[in-house]
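Worksheet: one structure, shown below.
Where a number appears in this text, it was derived from the coordinates with a stated rule and is not lab data. What you see is a predicted model, and the numbers here were worked out from it, not measured in a lab. For neighbour counting, all protein chains shown are included, and Cβ atoms are generated from backbone atoms with ideal geometry for every residue, glycine included.
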Amino acid sequence: MAWTLLGIGALDETHPLAYGYMGMHGWKHVNRAIQSADLILAFGMRFDDRVTGSVKTYAPYARIVHVDIDPGDRQERRRGGPGGGDARRVMAALLAMLPVTDPAERADYHAQLAEWRRESLAGSWHGSGASRSGYLTADFVIEQIGDVTNHDATMVADVGQNQMWMARYAGIVGPQPPLLGRPGNDGLRGPTAMGAALGRPDKSTWRSAATAASR
């Protein structure tokens, strides 16, 4: 399972079936898997340009089943058949239709996914990865915050690079997603963090600092 920015927290990121964050700011291995897929089940997501890039080259081999309760979102930047309805009910109906298969039949494919993930995680991205060479970097700091809080803290970020680092490296185990700014919401993190701390006094609250990319 892969997720968009707003889908963070939908699945424990340590779950064996959790593959990662997709799109232009997401993980290379996730986008590679999408590009090679023959079927994509898209629940409650928008196929905006941050996810697809060029629609003409997005998932060229895949049939896309787009499920959303909002008909407007089902018509946005997508290729393939839409499906309306509540995501929980549609998912239950689909699972009832699937045949029972032996996981061993998919062993080669799962091995390929694992290889793509290893290659992706070993690479650098927007200044991340330099901690392996002894430098203090944002991705390393966010990973450490996640670890020391057992991934159970409230994390708040504005729009910009700080938001992307948090989305990639916090390791959300949910179901509480991070509180992320939307376009035009620069400056959100301060009051949001205060409100979150009051609303969840039993959890620590972490607020990202501003970056040049978010200005």
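Taking N as the number of residues in segment 130-214, what is its alpha-carbon radius of gyration divided by 2.2 N^0.38 Å?
Dividing the Cα radius of gyration by 2.2 N^0.38 Å gives 1.06.
Using 0.36 nm times the number of residues separating TYR109 and LEU39, minus their current alpha carbon distance, what extension gain do you get?
Extending this stretch completely gives an extra 23.8 nm.
For VAL30, what charge total do you get from the other residues with a beta carbon under 11 Å from its beta carbon, if Lys and Arg give +1 and Asp and Glu give -1?
Counting the neighbours of VAL30, the net charge comes to +4.
Which ordering of HIS15, HIS25 is given by a fewest-first count of other beta-carbon atoms within 10 Å?
Starting with the residue having the fewest Cβ neighbours, the order is HIS15, HIS25.
Using only the C-alpha atoms of segment 2-122, find the volume of their convex hull and express it per residue in Å³.
Working: hull volume 14.3 nm³, N = 121.
Taking the convex hull of the Cα positions in segment 2-122, it is 118 Å³ per residue.
Would you order GLU13, GLU105, GLU119 from fewest to most other beta-carbon atoms within 10 Å of each residue's own beta-carbon?
Result, fewest neighbours first: GLU105, GLU119, GLU13.
If you wrap a convex hull around the Cα atoms of the chain, how much volume per residue is inside, in Å³?
Spelled out: Cα convex hull of the chain, divided by residues, is 151 Å³.
List MET91, MET24, MET45 from most exposed to least, where exposure is judged by having the fewest other Cβ atoms within 10 Å.
Least crowded to most crowded, the residues run MET24, MET91, MET45.
In whole Å, what is the distance between the alpha-carbon centres of segment 1-22 and segment 128-147?
21
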